[in-house]
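Working notes, structure below.
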Amino acid sequence: MARMPSVSLVDASADLTSASAVVVGVLPGPDGAALAAGGEPIDAALGGRLTGALHAVGATGRPDEVIPIPTLGRAPFPLVMATGLGPDGHGPRLDTEKVRRAVGAAVRALDSIHPQHIHIAVGDDATSAAAVQGALLGAYTYTEYRSGSHRSELRRITVTVPNPKDAVTRAGIRQASVVAEAVSLTRDLVNAPPNDLYPETFAARAAEVGSAAGLDVEVLDPRALRRGGYGGILAVGSGSIRSPRLVRLVYRPARSRHRIALVGKGITFDSGGLNLKTGSSMSTMKSDMGGAAACVAAVAAIARLRIPVEVIATVPMAENMPSGSAYRPSDVVTLRGGRKIEIANTDAEGRVILADGIVRAAEDDPNALIEVSTLTGGQLVALGTRVIGAMGEPGLRDLVVSAGNSAGEALWAMPLPDELRAGLDSPVADLSTLTGDAFASMLVGGVFLREFVPGDLPWVHLDIAGPSFNSRDPYGYTPKGGTGAAVRTIIASVNALAGQAS
Ligand code: BES
Ligand code: ZN
Ligand code: ZN
């Protein structure tokens with residue numbers, strides 16, 4: 001990962017001579033755009049000319065509108081970036097996600113001038129942590145595979161807060177930074193090319209991340225997987241020369257009476273297998289490990305934040321490839337625990353490795369299970385590229401939806417209709433991986449996975465097929481490529497569950 005810039009808190013009197021740019025927020029208003037909270041000292045430094053300048057260029061304050069305003073020698077810094085906070089941003093408090101996106105968009109827009117120091121003058125008591133998180137997320141770039149000149153990178157972010165010494169403010173900023181780092185790590189893992197990131201190397205990266213965060217790490221190789229009866233992970237991995245793995249990362253804080261299981265789909269490349277995908281539907285399939293990456297990054301962040309609840313991430317990893325040794329449609333596979341499933345289509349591979357993963361995770365006797373995967377094209381049909389589908393036990397599902405929403409991610413609860421279960425009956429095995437028709441495939445995925453969750457275990461399935469990878473233009477703090485979807489939701493949910501348990 002590119003080094004994260006340092007973050008320091010300053011008050012409104014800070015010297016901004018070294019800043020390449022200062023970010024201010026803009027709100028739409030009845031009389032045109034208006035400066036948002038946090039921008040007043042910057043306006044004062046410019047002799048009150050900022051609002052006039054915004055009107056002169058026709059600023060509206062809508063999201064993703066970023067207007068550079070040169071200060072022409074009238075301020076210690078050369079540039080103001082005026083960034084839109086959107087139509088609903090006004091009110092007694094700024095909405096945290098609007099601040100995150102607006103600051104992220106402004107920082108992204110500065111990329112071309114290679115700033116070393118950016119100052120953020122957006123936000124109030126309640127939103128300064130969101131401003132910092134937006135800045136860190138917007139500053140993200142993936143340069144691992146760019147040869148040639150290494151240009152200077154952003155080193156320093158300063159942010160105006162009402163009281164830089166306040167302990168609560170500082171803790172909030174630290175938490176926002178740790179979470180942003182987890183999102184960046186997830187983006188890095190998703191962006192890594194599949195010729196370099198395959199089950200063995202992904203497991204090694206996960207182990208490294210886990211050890212650095214003080215977690216217990218266990219990696220099961222194919223021999224251990226055979227001994228453990230993980231027939232699903234082995235079947236999906238059998239077509240690739242890159243053998244599968246199962247990674248377990250355990251965070252065990254001193255006093256915890258609550259245990260949360262995380263499970264994430266780690267298909268390092270999904271070609272579809274013998275049911276080969278078409279070229280265009282295969283093009284983004286290095287991202288089919290986005291759920292696994294989110295779980296790995298989240299459990300490490302949870303440990304860094306010392307959230308007082310035990311968390312165990314169980315992450316199956318495989319590459320889905322066609323070959324003479326590949327698993328076939330019609331194969332019957334025996335999963336850990338003994339259940340036998342009939343493979344309807346080798347491209348529905350996620351649920352096969354997840355079934356093994358869920359069975360293993362449930363053996364730890366957790367109090368809740370959160371499973372995250374790029375599971376179905378149906379998620380994209382139903383909810384598009386920015387809204388995560390949440391299915392499962394209603395209590396936990398709604399807790400996760402609301403925790404995720406508060407952290408700034410969009411999730412929507414989806415049903416698991418009982419009538420879909422009958423469609424999964426197999427003529428030869430205990431269960432088929434698909435129903436006969438293609439309708440409601442996101443829900444069918446959830447109904448299939450439910451079969452492997454013990455009846456009394458609250459669980460939720462998050463389908464992030466669309467949200468995990470952005471093939472379109474960047475927006476807000478979201479770059480092209482890996483987005484880090486679900487990381488903030490997982491961390492916020494574990495936080496909420498820890499609060500309930502204590
Ligand atoms: N990895 C895909 C789901 C996916 C699609 C993720 C688009 C991200 C973007 C999954 O393994 C898959 O291939 N699902 C198929 C199954 C079908 C062919 C039986 C689907 O949902 O279309
Ligand atoms: Zn697939
Ligand atoms: Zn897949």
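Each peptide in 37-44, 327-334, 368-375 was scored by the mean count of other Cβ atoms within 10 Å over its residues; highest first, the order is 368-375, 37-44, 327-334. As a calculated quantity, the FRET efficiency between D456 and R255 at R0 = 22 Å, using C-beta atoms, amounts to about 0.35. In sequence order, the range 472-477 has phi-based couplings of 9, 5, x, 8, x, 8 Hz under the Karplus curve 6.51 cos²θ - 1.76 cosθ + 1.60, θ = phi - 60°, and Gly or Pro positions carry x. For the peptides 112-121, 175-184, 46-55, residues were scored by their other Cβ atoms within 10 Å and the scores averaged per peptide; the highest-first order is 175-184, 112-121, 46-55. Rounded to the nearest 10 degrees, the angle from helix 128-138 to the longest Cα principal axis of the chain is 70 degrees.
So for each of 273-286, 222-235 I average, over its residues, the number of other beta carbons within 10 Å; can you give me the resulting order with the highest mean first? The partial results should precede the final answer.
On the way: 273-286: 15.3, 222-235: 19.9.
My ranking of the peptides, most packed first, is 222-235, 273-286.
FRET efficiency for R74 and S471, Cβ-Cβ distance as r, R0 = 45 Å, nearest 0.05? The pair R74/S471 has a calculated efficiency of 0.60.
Ordering I69, A19, V333 by the projection of their Cα atoms onto the charge dipole of the chain, which places +1 on the Cβ of Lys and Arg and -1 on the Cβ of Asp and Glu, puts A19 at the extreme positive end.
Rank V311, S426, V387 by how far each Cα sits towards the positive end of the charge dipole of the range 184-501 (+1 on Lys, Arg Cβ; -1 on Asp, Glu Cβ) and give me just the farthest. Ranked along the dipole, the leading option is V311. Hey, how many Å between the Cα centroid of the range 443-468 and the Cα centroid of the range 1-68? That distance is 43 Å. Taking amide H positions as modeled 1.01 Å from N, with prolines and chain starts lacking one, the residues under 5 Å from G482 and 5 or more places away or on another chain are N191, N470. Extension gain, N195 to E144, is 17.0 nm, computed as 0.36 nm per intervening residue step minus the present C-alpha separation.
When the solvent-accessible area of the chain is split by element, carbon and sulfur atoms take up 51 percent of it, the probe being 1.4 Å.
Computed over the chain, the per-residue total of -39500 (n - 2.57) for DSSP H runs of n ≥ 4 gives a 222 nm mean residue ellipticity of -10000 deg cm²/dmol, rounded to 500. If the segment from M4 to K340 were pulled out straight at 0.36 nm per residue, it would be longer than the present Cα-Cα gap by 116.3 nm. In straight-distance terms, cross-link reach from K480 covers every one of the lysines whose alpha-carbon lies under 27 Å from its own, apart from those fewer than eight places away in the same chain; here that gives K98, K265, K277, K286. Basic side chains Lys and Arg get +1 at the Cβ, acidic Asp and Glu get -1 at the Cβ, and with that the dipole of the range 1-62 about its Cα centre reaches some 260 debye. Principal-axis analysis of the Cα atoms of the chain puts helix 199-212 at an angle of about 50° to the longest axis.
Each Lys and Arg contributes +1 and each Asp and Glu -1, all at the Cβ; summed about the Cα centre of the range 1-126, the dipole is approximately 320 debye. Under a model in which nothing but the beta-carbon of Lys, Arg (+1) and Asp, Glu (-1) is charged, the range 184-501 shows a dipole of about 720 debye around its Cα centre. Note that the range 366-378 has calculated 3J(HN,Hα) couplings of x, 8, 7, 10, 10, 10, 10, 7, 7, 8, 9, x, x Hz, one per residue in order, obtained from phi through the Karplus relation 6.51 cos²θ - 1.76 cosθ + 1.60 (θ = phi - 60°); glycine and proline are x. Report the relative contact order of the chain, percent, no decimals, based on alpha-carbon pairs under 8 angstrom and at least 6 residues apart. The normalised contact order for the chain reaches 15 percent.
Can you give the alpha-carbon Rg of the range 1-89 over 2.2 N^0.38 Å, where N counts its residues? Before the final figure, lay out the partial values.
On the way: Rg = 13.6 Å, N = 89, 2.2 N^0.38 = 12.1 Å.
Output field value: 1.12.
Computed from the Cβ-Cβ distance with R0 of 51 Å, the FRET efficiency linking S402 to D11 stands at 0.90.
Output the 0 to 90 degree angle, nearest 10, between the alpha-carbon long axis of helix 96-109 and the longest principal axis computed from the alpha carbons of the chain. Taking Cα atoms only, the helix is inclined about 80 degrees.
Accessible surface computed residue by residue for the chain, with neighbouring protein chains in place and a 1.4 Å probe, gives 40 Å² per residue.
Extension gain, D437-A224: 0.36 nm per intervening residue step, less the Cα-Cα distance, totals 73.0 nm.
The values are calculated or read from the model by the stated rules, or taken from the named source; none is laboratory data. Keep in mind that this is a model prediction, so the values were computed, not measured. Heads up, the Cβs are rebuilt from the backbone with ideal geometry, glycines too, and the neighbour counts pull from every protein chain shown. Each accessible area value is taken on the protein alone, full model and side chains, heavy atoms only, with ligands, DNA and RNA left out. Shrake-Rupley method; radii C 1.70, N 1.55, O 1.52, S 1.80 Å.
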